[in-house]
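The values are calculated or read from the model by the stated rules, or taken from the named source; none is laboratory data. Computed from a predicted structure; not experimentally measured. Glycine also receives a Cβ, built like all others from the backbone with ideal geometry; neighbour counts cover every protein chain displayed. Each accessible area value is taken on the protein alone, full model and side chains, heavy atoms only, with ligands, DNA and RNA left out. Shrake-Rupley method; radii C 1.70, N 1.55, O 1.52, S 1.80 Å.
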Amino acid sequence: MTNTADSARRRDKREKHSRPPALLRQGEARRGRRASDAAPSKRTSADTPAVVKTVNLALQGGGAHGAFTWGVLDRLLEETRINIEGISATSAGAMNATVFTYGYARGGRDGAKAALAQFWKSISFAAMHSPLQPSWLDRMIGRHSLRFSPAFVMVDLLTRLFSPYEFNSFNHNPLKDLLEDSVDFAALRRSDSPIKLFLSATNVRTGKVKVFERREIDARHVLASSCLPFLFQAVEVDGEHYWDGGYMGNPAIFPLIYNCKSRDIVIVHINPLEREEVPRTAMEILNRVNEISFNSSLMREMRAIGFVTRLIDERAINGNRLKRLYIHRIAADEVMKRFGVSSKLNADWSFLMHLHAAGRQYADAWIEESFDRLGVESTIDLRALYL
């Protein structure tokens, strides 16, 4: 009984930090208006100088679920009280981060918003000409999956029987053209953008994480960070081959610790940390294995950060020599839990906009609840969530 009670208390703590408190209190009121109309709770008056705070972002990967992160970024760009110093990202997060940084370098906040919107519109347009479409049964069920799509069933079967070196011998990746159409990588590398960009990939040969920085990034580096080994051939960069960065850093936090001044790190979660039900179907098991795998590296870093933070707080070590971090989290676990693994390949515009709206809404709630605590303390319980 004691173990059961302890487990329930820990679950309550995790849920408290995975749901936006403002939505819990004001969910009914928010349903009647667009997320873009929601204003942060504390605004300065005309004669009061605005307090501007600087944060770093850590963006997870998750295929089409990255449209949630697009919504989060879209809302953060409207919040002039928040500046972004650095972004560490993986997979779909790497695409969001690259397009965001390029747009910001060209046109500031408005440029970043426009670049992200155009990129996701391009993804959806390209998907219209792909056989990977929701079937009538998928649409009737209304969970945005491709589970009953004949094309998805065929792709799923192919990836279980053959490698991408066999069924995709020409190594075609439609995302390459989309990236190169959306980002002038030469201009991105030359720019004096104030945003530091770090993309993670997994070295196939050594199993180590590789971090690419803005001044070296081109389309290959972004594709390396998002290379799912069952769908695409490993991406070669400077003689080494890489798979999706999610295996070793989803996303990696250490580049932000070593290279950025801000102590505040906002993690945008796509993959749910916890599920109440044990998966039973082959698809559910595969989905949960991927979620656990892609969260494992982040959890290890969070444990290390939690350990160092506790030592600093207990004055067991010199806090002046070590960087005390403040960790924050924007997540919609209760939303993402409803989507199966196949929905990560669903680029239908209505689904992308659904995720985008959720991202804006949860980011808005996080700003409302957490802005005053930035630079002061973490807004999540590291022990409850990650230990």
How many residues does the range 168-183 contain that are under 18 Å from ILE123 (Cα atoms) and open to solvent by 40 Å² or more (accessible area, probe 1.4 Å)? 7
Does MET302 count as open to solvent by less than 80 Å² (accessible area, probe 1.4 Å), farther than 26 Å from ALA358 by Cβ, of a type in the set (A, V, I, L, M) and at pLDDT 90 or above? no
Identify the single condition in (1) surrounded by 15 or more Cβ atoms within 10 Å (Cβ to Cβ); (2) over 24 Å from the mean Cα position of the chain (by Cα); (3) at pLDDT 90 or above that VAL278 does not satisfy, given that it satisfies every other one. (1)
Residue under question is LEU345, and the condition is that it be within 29 Å of LEU175 (Cβ to Cβ), of a type in the set (A, V, I, L, M, F, W, C) and open to solvent by less than 20 Å² (accessible area, probe 1.4 Å); does it hold? no
Of all the residues that make up the range 57-94, how many are part of a helix (DSSP H, G or I) and in contact with a strand residue (DSSP E or B) (Cβ under 7 Å, 6 or more places away or on another chain)? 5
If the requirement is being modelled with pLDDT of 90 or more and of a type in the set (Val, Ile, Thr), which of these qualifies: VAL335, VAL341? VAL335
List the strands (runs of 3 or more DSSP E) that sit entirely inside the range 184-266 and contain at least 3 residues that are buried (at least 18 other Cβ atoms within 10 Å of the Cβ). 196-203, 209-213, 240-244
Test: residue in the range 344-354 that is closer than 21 Å to ALA58 by Cβ and in contact with a Gly (Cβ under 6 Å, 6 or more places away or on another chain): yes
Go through the range 59-87 and give me each residue that's of a type in the set (Gly, Ala, Ser) and surrounded by fewer than 21 Cβ atoms within 10 Å (Cβ to Cβ). GLY63
On the given criteria, is ARG109 surrounded by fewer than 19 Cβ atoms within 10 Å (Cβ to Cβ), touching a residue at least 12 places away in the same chain (Cβ under 8 Å) and of a type in the set (Lys, Arg)? yes
Flag if GLY93 is of a type outside the set (Ser, Thr, Tyr) and either open to solvent by less than 10 Å² (accessible area, probe 1.4 Å) or farther than 22 Å from ASP264 by Cβ (or both): yes
Has the range 241-254 got any residue that is without any contact (Cβ under 8 Å) to a residue 12 or more places away in the chain and over 30 Å from GLU334 (Cβ atoms)? no
Just one of ASP333, ASP364 is within 14 Å of the chain's Cα centre (by Cα) and under 28 Å from ILE82 (Cβ atoms); which is it? ASP333
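Results for (1) surrounded by fewer than 19 Cβ atoms within 10 Å (Cβ to Cβ); (2) among the β-branched types (Val, Ile, Thr); (3) without any contact (Cβ under 8 Å) to a residue 40 or more places away in the chain; (4) out of contact with any strand residue (DSSP E or B) (no Cβ under 6 Å at 6 or more places or on another chain), shown as yes or no for each residue.
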site	(1), (2), (3), (4)
VAL289	yes, yes, yes, yes
SER293	yes, no, no, yes
SER297	no, no, no, yes
PHE307	yes, no, yes, yes
TYR326	no, no, no, no
PHE339	no, no, no, yes
ARG383	yes, no, no, yes
LEU387	yes, no, no, yes
